[in-house]
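**Student:** Let me begin by handing over the structure; questions about it come next.
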Amino acid sequence: MPELPEVEVTRLGLLRKLKNKKCTGAVVRETRFRKPLRADLEELLFNQTLQDIKRRGKYLIWLFDRSALVTHLGMSGSMRVYLQADVEVQKHDHLDLIFGDLIMRYHDPRRFGFVAYFPDKESAFAMPELQRLGVEPLSEDFNSKFFYGALRQTSLPIKTSLIRGDIVVGVGNIYCSESLFLAGIHPKTKSNRISKKRVSALTDAVKEVLQSSIELGGSTLRDFVSAEGQSGYYTLNNNVYGREGQPCKKCGTLIKKVQIDGRSTFYCPHCQH
Ligand SMILES: [Zn+2]
């Protein structure tokens, strides 16, 4: 499933190729998604310049001259830019947005993603799904003072508070395990029992894990125009995730796995408490 780092890498790649380009056409091959895709997208976007693409959580907000799109990659979606000369349509290539000789192609086998049209940017940003999101992990709003205050309000396990998305968005399952390891916090610790100092370490760890994943993703997608669909995660050097029964890289103790809210969570019983 595409996580925040992949969505951010997608955003950067799209912007690098398409910013300030005019939309000259659209080909809609499928309209049934989590939200229906407008079949008349070509008329709606024709001749409008793509001014910018913003991100909130795993949503991208595309800002055109007079309208906007909100897109989500769902479970299996990808968005890639191709030179029009190269394109052969594959199964599950549901939408092309055409920008002169470049094509943005949306591919989504499971169709849990969507591309939603809005007549202006205000209505796009007012979408209810965007209103419910917690703060951006890489923004200054996500700081130890804010995070400590939010965690005081709940006795849920810290793993749950991190992954729910109502305090901070985009910390997916792998990033939860990795951040908690870096901060030395056991994933089942009650959120309101963690000291200020340790919350501060966790805040830094979340930023570090996500930032390094984005950097790694950016480097793998250098040639974005012809990039193949990448799936999911860029953390190649996990400390704990997926390493059950293997020695901790810090202390040698064997890594353990527990289920929290039905999701696998990995930790070092010696380094995390
Ligand atoms: Zn350890």
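**Student:** Scan the range 69-92 for residues that are in contact with a helix residue (DSSP H, G or I) (Cβ under 9 Å, 6 or more places away or on another chain) and either among the β-branched types (Val, Ile, Thr) or in a strand (DSSP E or B) (or both) and jot them down.
**Tutor:** The answer is Leu69, Val70, His72, Ser78, Met79, Arg80, Val81, Tyr82, Leu83.
**Student:** For residues that are in contact with a strand residue (DSSP E or B) (Cβ under 8 Å, 6 or more places away or on another chain), not in a strand (DSSP E or B) and not charged (D, E, K, R), tally how many sit in the range 93-111.
**Tutor:** First, the residues of the range 93-111 that are in contact with a strand residue (DSSP E or B) (Cβ under 8 Å, 6 or more places away or on another chain): 93-108, 111.
Narrowing further to those that are not in a strand (DSSP E or B): 100-101, 108, 111.
With the extra rule that they be not charged (D, E, K, R), the set shrinks to 100.
Residues in the range 93-111 being in contact with a strand residue (DSSP E or B) (Cβ under 8 Å, 6 or more places away or on another chain), not in a strand (DSSP E or B) and not charged (D, E, K, R): 1 in total.
**Student:** Then there's this: Pick from Phe181, Phe224: which is surrounded by 15 or more Cβ atoms within 10 Å (Cβ to Cβ), at pLDDT 95 or above and aromatic (Phe, Trp, Tyr)?
**Tutor:** Result of the check over Phe181, Phe224: Phe181.
**Student:** Hey, among the residues in the range 242-273 that are touching a residue at least 60 places away in the same chain (Cβ under 8 Å) and within 7 Å of the ligand (Cβ to nearest atom), which one's surrounded by the most Cβ atoms within 10 Å (Cβ to Cβ)?
**Tutor:** Cys268
**Student:** Now for a separate question. Run Leu130 past the list (1) within 18 Å of the chain's Cα centre (by Cα); (2) part of a helix (DSSP H, G or I); (3) crowded, with 16+ Cβ neighbours inside 10 Å and report the number of the one that doesn't hold.
**Tutor:** Failed condition: (3).
**Student:** With the structure loaded, tell me whether Leu202 is farther than 18 Å from Gly262 by Cα and buried (at least 21 other Cβ atoms within 10 Å of the Cβ) or whether it fails that test.
**Tutor:** yes
**Student:** Here is a further query. Please go through the range 108-125 and give me each residue that is buried (at least 19 other Cβ atoms within 10 Å of the Cβ) and under 17 Å from the mean Cα position of the chain (by Cα), ordered by number.
**Tutor:** Matches in the range 108-125: Asp108, Gly113, Phe114, Val115.
The values are calculated or read from the model by the stated rules, or taken from the named source; none is laboratory data. Since we're looking at a predicted model, the values are computed, not measured. Cβ coordinates were reconstructed from backbone atoms using ideal geometry, including for glycine residues, and neighbour counts include every protein chain displayed.
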